[in-house]
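First comes the structure, then the notes that go with it.
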Amino acid sequence: MAERCTVPRLWSRNHGPYGTASMEIVLYTRRGCHLCEAAEDLLEALLPGVTRIDVADDARLEPIWGARVPVLVVAGRVVAEGRFDEAAVARVVDAVRGRD
């Protein structure tokens, strides 16, 4: 079950589970995290240009995402965290592209 994001949303949630083409896709990450590096590589191959936010750079984000990175949030929903399942992330990316 997808978890709702607890940070402010900058996109519309009125058009299905992944919002609209203007939705925000964010990867919460941390320097030196090997799982984060793997997630970044996967997303760069599947969906280049995803916004990356290092939680160590923002004291407000560290308590929310710090122990969970990497975390992929699409339209306010956590869709992957920790060790990403490549097939599951690919399905999410396909759904996002279908909205473009």
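The values are calculated or read from the model by the stated rules, or taken from the named source; none is laboratory data. These numbers come from a predicted model, not from an experiment. Methodologically, a virtual Cβ is constructed for each residue, glycine included, from the backbone with ideal geometry; neighbour enumeration extends over all protein chains shown.
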Practice prompt. Determine which single condition residue 41 fails, assuming it passes every other condition in (1) assigned to a helix (DSSP H, G or I); (2) in contact (Cβ under 8 Å) with a residue 40 or more places away in the chain.
Written response: (2)
Discussion item. Just to be sure before I move on: is residue 39 modelled with pLDDT under 95, of a type outside the set (Phe, Trp, Tyr) and under 14 Å from the mean Cα position of the chain (by Cα) in the structure I sent?
Written reply: no
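Residue-wise test of (1) surrounded by 14 or more Cβ atoms within 10 Å (Cβ to Cβ); (2) in contact with a helix residue (DSSP H, G or I) (Cβ under 6 Å, 6 or more places away or on another chain); (3) modelled with pLDDT of 95 or more.
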site: 4; (1), (2), (3): no, no, no
site: 9; (1), (2), (3): yes, no, no
site: 19; (1), (2), (3): yes, no, no
site: 34; (1), (2), (3): no, no, yes
site: 47; (1), (2), (3): yes, yes, no
Worksheet item: What single numbered condition from (1) at pLDDT below 95; (2) assigned to a strand (DSSP E or B) fails to hold for residue 97?
Response: (2)
Fill in: Close pairs (6 angstrom Cβ cut-off, 6 or more residues apart or separate chains): among the small types (Gly, Ala, Ser) in the stretch 73-85, assigned to a strand (DSSP E or B) anywhere
80/72
Worksheet item: For the stretch 49-100, which residues satisfy the criterion of being surrounded by 17 or more Cβ atoms within 10 Å (Cβ to Cβ), under 9 Å from the mean Cα position of the chain (by Cα) and not small (Gly, Ala, Ser)?
Response: 50, 70, 71, 72, 73, 74, 77, 78, 79, 81
